[in-house]
Amino acid sequence: MPTHTIVFENVTKKFQLQNHKTFKELLPAILQGKSAYQPFTALNNISFSVEQGTALGIIGSNGSGKSTILKLIAKVMTPTSGQITVDGTVSPLIELGAGFHPELSGKENIYLNASILGLTRKDIDANYDQIIHFSELGQFIDQPIKHYSSGMYMRLAFSIAIHVNPSILLIDEILTVGDLSFQAKCYAKMEEYKRKGVTIVFVTHDLNLVRDFCHQVIYMRNSEISFQGEPVLACQKYQNDQNPL
Amino acid sequence: MSEIWEEIINISKRSELLRQMVGREVKSRYKQSILGYFWVILNPLAQMLVMSFAFSLILKIPTNASPNIPYAIFLYVALLPWNLFASSLSSACNSLVSASALITKVYFPRTILIISSIFAKIIDFIFASTILIGYMLILKIPVNLNILWIIPIFIIQQIFTLGLALFFSAANLLYRDIQYLLGLVLFLWMYLTPVIYPADLVPQNFRYLFQLNPMAVIINAYRQTLLGGGQPNFLSLLTALIVSFLTLYLGFLYFKSKERVFADNI
């Protein structure tokens, strides 16, 4: 019996888009009898489950609800209705360099960012050398990161994120960072995670990557799951919908 | 109540995060400034000197109950904790909004953002207090064991601050007006609290209102124990404690009721 690490049951996520950010805008709206909120459905009654060790790809056009799924798994958002079960430590690669402060040094930011991602001081101390080694920053580690190039910045951020040792890894369109050799290193690291049996949920527009890397794909369309299954079939369906010729 | 215990346990599991967030706040503030952390001492000192000039030399506000105390010290004993209160609230009020990138991406107990911004201000307060201690030593102001009362007084102040901070930060996330409203409230509140004047100048028939203002009780209690060498008024302090706990409880409930939609609305 395979264990499911992520289970979505009839999950709906509606946003109450606030039309008014200040009282000045809110008051006239209430007086005119308008609702202060505008509902928007990002996910409409979706259900799926992910077995442990699966690399799941999520594809679909912009605004189809892909990132909302990741945010629900990361528990950043709560569903409007339905049940979500997530079993294991989640490392969100949604935002690289969360909480980075430009005035602080690379070293200080490693401790800051890693603690945001949920590491204890002991974990960080144990992984510190590896993080620096992987990021290839070497001597720059004591410099404030505002002096870093954007490539160096992303390398540091990515290198911290992958050393969190999660059992569930969430990735949102990030592997366009760094130069080619660093990208190759990142893919190698992801393959390593896949072999170790880490559950990976992967949002991307890169269909080649999806075909190569994922065991299973969910194709999102208009806030609903349009297809779930074989990567090749899912990509085909997505491409057909994109170019209906 | 069980929700509060749950939150405390969750926060204690993320103690490293709390420490890092305090460190981030403290370390980053004065980077690329020449005087650096010295500003923390310089600011209230300059404030105290100017206010002493205006209120003592020109307006001649008496120090009543403590006649031998120069007005500058009389003021500073109240000004430091007041500044701590006011700056903690303003900084905590914006702490959720300025961490919007974190709130929409990573999960952790959100109360850590509020608590860490208050802790950072407490560290400032400790540095700023060194001037007061030095000043009191130079003027040989007698102190006795009653000085230990400042510990429970300080704790009551922090309970009250945290309660208000939870309310204002969550409200400010939903409506950005709150930060401006808070600025106005703090400005008025300072004059309704015996910071620049002694509590016994307050007319008798307004006294009961002051009892209900925990900051008035707290500020007055600092003065009684530090400068008068006496004990605080226990009944007033107990009232302040109850009001503070009630504020914390209600603030926490409000925060929790809005927490689910933080990431949707920020």
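Being more than 14 Å from chain A (Cβ to nearest Cβ) and touching a Phe, Trp or Tyr at 6+ places or on another chain (Cβ under 6 Å), is that true of even one residue in the range B:167-179?
Checked the range B:167-179: at least one residue is more than 14 Å from chain A (Cβ to nearest Cβ) and touching a Phe, Trp or Tyr at 6+ places or on another chain (Cβ under 6 Å).
Does B:L42 satisfy the criteria of being free of Cβ contacts under 8 Å to residues at least 12 places away in the same chain, away from every other protein chain (no Cβ under 12 Å) and within 19 Å of the chain's Cα centre (by Cα)?
Answer is yes for this residue.
Does A:I59 count as under 24 Å from B:L113 (Cβ atoms) and either of a type outside the set (D, E, K, R) or more than 9 Å from chain B (Cβ to nearest Cβ) (or both)?
Taking the combined requirement at face value, the residue does not satisfy it.
Of B:N146, B:N94, which residue is modelled with pLDDT under 90, polar (S, T, N, Q) and part of a helix (DSSP H, G or I)?
That would be B:N146, the only listed residue that is modelled with pLDDT under 90, polar (S, T, N, Q) and part of a helix (DSSP H, G or I).
What's the total number of residues in the range A:62-93 that are within 17 Å of B:T104 (Cβ to Cβ), away from chain B (no Cβ under 12 Å) and either in contact (Cβ under 8 Å) with a residue 40 or more places away in the chain or touching a Phe, Trp or Tyr at 6+ places or on another chain (Cβ under 9 Å) (or both)?
Summing the residues that are within 17 Å of B:T104 (Cβ to Cβ), away from chain B (no Cβ under 12 Å) and either in contact (Cβ under 8 Å) with a residue 40 or more places away in the chain or touching a Phe, Trp or Tyr at 6+ places or on another chain (Cβ under 9 Å) (or both) in the range A:62-93 gives 3.
Residue-by-condition table, conditions (1) of a type in the set (S, T, N, Q); (2) crowded, with 20+ Cβ neighbours inside 10 Å; (3) part of a strand (DSSP E or B):
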{"position": "A:S159", "(1), (2), (3)": "yes, yes, no"}
{"position": "A:Y187", "(1), (2), (3)": "no, no, no"}
{"position": "A:D212", "(1), (2), (3)": "no, no, no"}
{"position": "A:I218", "(1), (2), (3)": "no, yes, yes"}
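So, in the range B:190-230, of the ones that are over 18 Å from B:A86 (Cβ atoms) and of a type in the set (S, T, Y), which residue ends up surrounded by the most Cβ atoms within 10 Å (Cβ to Cβ)?
Per the criteria, the residue is B:T225.
Which one of these does A:I110 not meet: (1) surrounded by fewer than 23 Cβ atoms within 10 Å (Cβ to Cβ); (2) modelled with pLDDT of 90 or more?
Here A:I110 meets the rest and fails (1).
Kindly indicate which of B:I34, B:I11, B:I61 is surrounded by 16 or more Cβ atoms within 10 Å (Cβ to Cβ) and not in a helix (DSSP H, G or I).
B:I61
Answer with yes or no whether B:S52 is farther than 25 Å from B:L137 by Cα and either in a helix (DSSP H, G or I) or not hydroxyl-bearing (S, T, Y) (or both).
When the stated conditions are applied, B:S52 does not pass them.
Out of A:G88, A:G118, A:G82, report the one residue that is modelled with pLDDT of 90 or more and either hydroxyl-bearing (S, T, Y) or touching a strand residue (DSSP E or B) at 6+ places or on another chain (Cβ under 9 Å) (or both).
Of A:G88, A:G118, A:G82, the one residue that is modelled with pLDDT of 90 or more and either hydroxyl-bearing (S, T, Y) or touching a strand residue (DSSP E or B) at 6+ places or on another chain (Cβ under 9 Å) (or both) is A:G82.
I need the full set of residues from the range B:196-238 which are farther than 25 Å from B:P44 by Cβ, in a helix (DSSP H, G or I) and without any contact (Cβ under 8 Å) to a residue 24 or more places away in the chain, in order please.
Within the range B:196-238, B:Q204, B:N205, B:F206, B:R207, B:Y208, B:L209, B:F234, B:L235, B:L238 meet the criteria.
Kindly indicate whether B:A101 is within 14 Å of chain A (Cβ to nearest Cβ), of a type in the set (G, A, S), in a helix (DSSP H, G or I) and loosely packed, with under 15 Cβ neighbours inside 10 Å.
Against the criterion (within 14 Å of chain A (Cβ to nearest Cβ), of a type in the set (G, A, S), in a helix (DSSP H, G or I) and loosely packed, with under 15 Cβ neighbours inside 10 Å), B:A101 qualifies.
Only one of (1) within 14 Å of another protein chain (Cβ to nearest Cβ); (2) over 30 Å from A:I69 (Cβ atoms) is not met by B:I118, so which one is it?
Result: B:I118 fails condition (1) only.
A:I171: over 24 Å from A:N62 (Cα atoms) and either not charged (D, E, K, R) or not in a helix (DSSP H, G or I) (or both), yes or no?
The answer is no for A:I171.
Does the range B:18-32 contain at least one residue that is away from chain A (no Cβ under 14 Å), within 22 Å of the chain's Cα centre (by Cα) and at pLDDT 90 or above?
The answer is no; no qualifying residue exists.
Within the set of pairs 6 or more residues apart or between chains, which connect a residue that is at negative phi inside the range B:116-143 to a residue that is surrounded by 17 or more Cβ atoms within 10 Å (Cβ to Cβ) and not in a helix (DSSP H, G or I) with Cβ atoms less than 8 Å apart?
B:I141/B:I69; B:I141/B:L227
If I ask for residues that are within 12 Å of chain B (Cβ to nearest Cβ) and closer than 21 Å to B:V106 by Cα, which ones from the range A:123-144 would you list?
Result: A:D123, A:I124.
Where residues in the range B:1-17 are in contact (Cβ under 8 Å) with a residue 40 or more places away in the chain and β-branched (V, I, T), which of them is nearest to the other protein chains (Cβ to nearest Cβ)?
Across the range B:1-17, the extreme among qualifying residues is B:I11.
Hey, B:S116 hits all of (1) in contact with a helix residue (DSSP H, G or I) (Cβ under 6 Å, 6 or more places away or on another chain); (2) at pLDDT below 90; (3) of a type in the set (S, T, Y) but one; which does it fall short on?
Among (1) in contact with a helix residue (DSSP H, G or I) (Cβ under 6 Å, 6 or more places away or on another chain); (2) at pLDDT below 90; (3) of a type in the set (S, T, Y), the lone unmet condition for B:S116 is (2).
Within the set of pairs 6+ apart or on separate chains, which have a first residue in the range B:147-172 that is touching a residue at least 24 places away in the same chain (Cβ under 8 Å), a second that is outside any helix (DSSP H, G or I) and crowded, with 22+ Cβ neighbours inside 10 Å, and C-beta atoms under 7 Å apart?
If the second residue must be outside any helix (DSSP H, G or I) and crowded, with 22+ Cβ neighbours inside 10 Å, the pairs left are B:W149/B:P232; B:I153/B:P232.
The values are calculated or read from the model by the stated rules, or taken from the named source; none is laboratory data. In this text, all values refer to a predicted model and were calculated from it rather than measured experimentally. Cβ atoms come from the backbone with ideal geometry, glycine included; neighbour counts cover every protein chain shown.
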